[in-house]
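Notes to accompany the following structure.
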Amino acid sequence: MIHWLQRGQVPDVPHTAFEVDGKLVYEHCFTRAGFESVYSILYHRDPPHWITSGEGLGRHPGLAAAHRVDPLRRVHIETGKLGQTGTAFLGRRMVAENSDVAVWVARPSESEPTLVANADADELVFVHRGRGRVETPLGTVGFQPHDYVYVPQAMPHRWVLDEPGHLLIIESRSSLRIPKQYRAPEGQLSMYAPFSHRDFRPPEWPPSKAPGQRMLVLSGGSLTACELAHDPFDLVGWSGQLWPFVFPISSFRPRTGQIHLPPTIHTTFAGNGYVVCSFVPRVVDFHERAIPCPYPHSSPDCDEILFYVEGNFTSRKGVDAGSITLHPRGVPHGPHPGTYEASIGSQKTDELAVMLDTFKPLLISENALEIEDAEYNLSWVR
Ligand SMILES: [Fe+2]
């Protein structure tokens, strides 16, 4: 997705006979948008498509009915109230969704015992807490707090934890991409981009050994347990532009204006119908009468989710690290009473937060309503 890479052994010409240790290896073309977009070609010692059995396991246990909240209100979801239990894949709970994107939260305490694959979506996971690694056939990416981890749709993988985690999972039902304004027409990240190619950490080659040949696949919200005839991590090499990566949020280099710039200046990733923005510590607006706090606004084309990570959230009171707020279209939103005025004359902010703006309305799941802070909507009353 970022740029082209090659690891291990690959033939000079794709789709030609290639032998390693005297034995033909098998191509596995991992493509996006049919065959029209980025792809990687994986070279396996044994055919990767020999699935010997499949067992339907029903709906993912973290799915729940989702609704437009009534009455229209600002929602505060206290994700720290979710139990610290299960694995990153099966223990996650969906909190909000529309047809473009879904937001899940996981507080896993265990590593995944088998391989998993999400055939429904690309995954962009923000690691709020936890350390460990994600094993994939292309190699392993290590993660720590405040990393974004990207796992391509349908790629077999496994979350291995060194300590319990707290994860914000953004399921992108289209290909996650770098905003096009950050690319030169030739594809390189331009010198105006708020990050560089060097900030994206690719998987470390070679891959670890897979934990077995069983894989849970999520497709259409339902799980299937597949048995594979061969080790899916048996690669001799790969090349291409579709690979899992880690991007530390601290690598996002923020912009500040003389007067307040719109929040989209913090855009980090995008997909069809949404953008993901990173709010990182920064100096704030420097006009002598600047109001650095975000201005109240009505953006009737967007619903806005904020995930609070760390620091003093200049515009919000009563939210904790790990809180999610959702401010829906239809009613104006803005800072809490007193915070707008108090920001005048401030020079910097230490806030760390992730924002998801969606262009279609978000439905709130019953999982989220169970851990909603009922006082939040009226906390603007002075
Ligand atoms: Fe906003």
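Values quoted throughout were computed directly from the atomic coordinates according to the rules given, and no laboratory measurement underlies them. Computed from a predicted structure; not experimentally measured. Neighbour counts run over all protein chains shown; Cβ positions are idealised from the backbone, glycine included.
Calculated mean residue ellipticity at 222 nm for the chain: -500 deg cm²/dmol, from DSSP H runs with n ≥ 4 weighted as -39500 (n - 2.57), summed, divided by the residue count and rounded to 500.
Placing pseudo-labels 7 Å out from each Cα toward the beta carbon at residue 144 and residue 320 gives an inter-label distance of 2.5 nm.
Using the alpha carbons alone, the radius of gyration of the chain stands to its Kirkwood radius in an Rg to Rh ratio of 0.99.
Over the chain, Cα pairs under 8 Å with separation of 6+ residues give a relative contact order of 22 percent. The simple spin-label model puts a point 7 Å past each Cα toward its Cβ; for residue 109 and residue 131 those points are separated by 2.1 nm. Treating r as the C-beta distance of residue 192 and residue 119 and R0 as 22 Å, the FRET efficiency rounds to 0.05. Put simply, the Cα atoms of the range 255-378 extend 45, 33, 25 Å along their principal axes, the longest span coming first.
Would you mind classifying the range 245-314 by shape? Square roots of the alpha carbon gyration tensor eigenvalues, ordered a ≥ b ≥ c; an a/c under 1.5 is rounded, otherwise it is prolate if a/b is larger than b/c and oblate if not. Since a/c reaches 1.5 but b/c is at least a/b, the shape of the range 245-314 is classed as oblate.
Annotation: peptides 130-139, 180-189, ranked by per-residue average of other Cβ atoms within 10 Å with the highest first, follow the order 130-139, 180-189. Rounded to the nearest 20 debye, what is the charge dipole size of the range 269-382 about its Cα centre when +1 sits on each Lys and Arg Cβ and -1 on each Asp and Glu Cβ? In total the dipole reaches around 360 debye.
Please report the base-10 log of the normalised intensity I(q)/I(0) for the range 1-55, using a Debye sum with one equal scatterer per alpha carbon and no solvent, at each q in 0.24, 0.26 (1/Å). For the range 1-55, the Cα-only Debye profile gives -1.06, -1.14. For residue 258 and residue 65, the FRET efficiency from 1/(1 + (r/R0)^6), where r spans their Cβ atoms and R0 equals 56 Å, is about 0.75. Each of residue 381 and residue 37 was given a label point 7 Å from its Cα along the Cα-to-Cβ line. The distance between the two points is 4.6 nm. Going through the cross-link list 317/348; 81/348; 81/360; 180/348, which pairs have a Cα-Cα distance over 22 Å in this structure? Where the Cα-Cα span goes over 22 Å, the pairs concerned are 81/348; 81/360; 180/348. Straight Cα distances below 19 angstrom link residue 23 to the aspartates and glutamates 12, 46, 231, 234, with same-chain residues fewer than 8 positions distant left out.
Placing one identical point scatterer on every Cα of the range 162-243 and ignoring solvent, what is log10 I(q)/I(0) from the Debye formula at q = 0.11, 0.13, 0.18, 0.27 Å⁻¹? With no solvent term, the Cα-only Debye profile gives -0.55, -0.76, -1.19, -1.29. The stretch between residue 53 and residue 331, if pulled fully straight at 0.36 nm per residue, gains 95.0 nm over its current Cα-Cα span.
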